[in-house]
Amino acid sequence: MSVFVAVTKRYSCLSIKSSPPDPNNMIPSCVWKSEVHASNHSGAVRSGAFHCKGVSADSTWPTPAILVPAVGGMVPHLTADILESAPFDKLFMSVQFDDVANFVSSKHDVHWCLNQDPSKVFIVMRFRDTNAAKPDRTMVVDETKLKKNCEIIDSQLKPNLWVAPVDAVPETTGSNKNSTAVDRTGHWATLVRSGNRLVGVVGRDDKSAVASLKKANAVLESSGGYFVEVARHEDRFRIVSEMESSLPRVVAGGTLGPSEVLRLIAAGYDLIETNYPQYLAKMGYVSAFWINDDSPSEWGCATKIDARSPSFMVDRKPLMESCSCFACKNHTRAYIRHLTETREMLGETLLYAHNLTMMIKLVEVARSKIASSSFEPWYEKWLARCTDD
């Protein structure tokens, strides 16, 4: 595997010349195709794959999968040598820019700017206009600038997918601002039509989420997809059945643990964004959940273990003997405990390498169970064996 993330290049330019995409040309360079659908008690679990054009190597990206939030355009903590030995060879990564002009050159796409290998890293670009991100939603947004930035993303940066500007609101938002956010998100999705565009679904409650979804359905044609950023977690499950089944469904999840990730997969989502592996590493915890009988966990029903546990003090075993991540192959529990106790940055790096590998492997197994029509019994067994996150 060769994912190049050791150095992040940033380019600033005084002027960016963008060529607006032809509104009649909606042929996407990245197409999602469904492969397996199966009804279950949680919804309609499914698997599929993104097929990307213009990539020299394998251009198939199977789903469901987790979407890893980038920090400064990089996978958090992980250097090229650690990723080189990772037991996974492809990664879905979300990148958020506040100001396109500060980060890109007019000559190169986002993979080049972030020093990422397009055959190894699938980029979902989340652009949020700085004006739109401000809490005062009564202000006038510069839509000319917003549209130009969307055109730059679509015609020059060319991520695998990009999210049309959204005006996500918390559950505590007042009714007027909530209504404005739904209307704005629906309108902004029409500024630049593209086959690689994900349209936002927002709202503080189920009623506004449904209204936002209807606007998204009206905008989407036979290409593109959904980006769900509703305020309440349960509303993600209420609206999924109203989405077009032929389009990909991406959900902005925040800190979603393994049980919630599997629940979203069971409901029919294709990409689940979560920073849970990074959050656990920052808190000094080791992912320790059971995945399947081929990867047993010696920690019983626990999903996480404190890396500072006194029992690790002289323990020369790897974090998990069934794990093949960089940390487990090269370091002991005692050493990682020492790094965590002394707050060495390497400790968080090794924990993140392990936690990310565990989450990716969990979703890989879920994908294989969907393909073999055995997801439901495996999922029920997982829930029975593992406690809450």
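Dividing the Cα radius of gyration by the Kirkwood radius, what Rg/Rh value follows for segment 165-284?
0.98
May I ask what percent, to the nearest 5, of DSSP beta bridges between residues of segment 30-274 are antiparallel?
35 percent
Test of understanding: express the Cα radius of gyration of segment 237-293 as a ratio to 2.2 N^0.38 Å, with N the residue count.
1.31
Work the Kirkwood hydrodynamic radius out for segment 193-348: mean of 1/r over every pair of different alpha-carbon atoms, inverted, in Å.
Final number for the Kirkwood radius of segment 193-348 is 18.0 Å.
For segment 284-385, state the average projected area of the convex hull of the C-alpha atoms over all orientations, rounded to one decimal in nm². Please report the intermediate quantities before stating the final value.
Numbers: hull surface 24.3 nm².
Mean orientational projected area (segment 284-385, Cα hull): 6.1 nm².
Taking just the alpha-carbon atoms of segment 30-274, what radius of gyration and Dmax come out, in angstrom?
17.3, 51
Readers should treat all values here as calculations from the given coordinates under stated rules, not as data from a laboratory. None of these values were measured; they are calculated from a predicted model.
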